Every structure is written in structure tokens, then in C-alpha cells.
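To keep things clear, I will list the structure first and then write my remarks on it.
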Amino acid sequence: MRKKVAVALVAILVALFIPGVAFATHVTTGEVIWANPAMRALMIDAQGQEITFSVADNVVDDLVDLMPGTRVAVRYTQADGDQPLCHHVFLWPVGG
């Protein structure tokens, strides 16, 4: 699990500092409302706003262990009018 957290943090830092990627990548935190690997979907409550994400292939297995109420950070992209696409999800705060 620590390896996944470390990889996710590095990915976020890279996304924030590489021009072009930073404009397309967002990070938000919140509590899991539900996670459904079969539907490839994740919904979180981010400060009172419910956000539903489609989930990238590499994230589907990570949804299995997410229970409602778990605090997470989500790195995602979103094109105008499209549903946000989750690229990484990890426990937040780190180590918590």
C-alpha cells in the first residue's frame, strides 16, 4: 500500500510541474460515497459536492477496498462536458 501511495504522490507532483499536463489534470479530496469496480465508477463527497468519476483501467482494482466514508484523494482529467476520469485514487491524508 505504501508503494501505491508513493507512486501516486510522485504522479501528482509530475502532473503539477510538467507544462501541458498540469492544465488537464486535477486533484480533489473527499469521502467515498460508493465505489463500484464492475461499473468502473467512483463517487465521492468533495466538500458537499458529489462527484462521480469514470475509472481508468489501472484504477479498477483499487476500488475493491474503498468503503463508504473512507477519505481519499483523486487525480483526474475532465474534458468540457464529459464525466471526470479518475487516473489515481489513494487514501487521504497519506498514512491515514
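The values are calculated or read from the model by the stated rules, or taken from the named source; none is laboratory data. Nothing here was measured: the structure is a model prediction, and the numbers come from that model. All Cβ positions, glycine included, derive from the backbone under ideal geometry; neighbour counts span all protein chains shown. Only protein heavy atoms, including side chains, enter the accessible area calculation; ligands, DNA and RNA are left aside. Shrake-Rupley method; radii C 1.70, N 1.55, O 1.52, S 1.80 Å.
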Next item on the list: Quickly run through the stretch 85-96 and pick out the residues that are assigned to a strand (DSSP E or B) and open to solvent by 40 Å² or more (accessible area, probe 1.4 Å).
Entry: Leu85, His87, His88, Leu91
Notebook entry, point to check: If you go through the stretch 66-84, how many residues are in a strand (DSSP E or B) and surrounded by 15 or more Cβ atoms within 10 Å (Cβ to Cβ)?
Noted result: 6
Next item on the list: Give the stretch 43-61 a look and list any residue that's open to solvent by 40 Å² or more (accessible area, probe 1.4 Å) and within 14 Å of Phe90 (Cα to Cα), or say none.
Entry: Asn58, Asp61
Checklist line | Pairs with Cβ under 7 Å, 6+ apart, first in the stretch 65-79 and under 13 Å from Ile51 (Cα atoms), second open to solvent by 30 Å² or more (accessible area, probe 1.4 Å) and not in a strand (DSSP E or B) | finding: Val72/Trp92; Ala73/Trp92; Thr77/Ala24
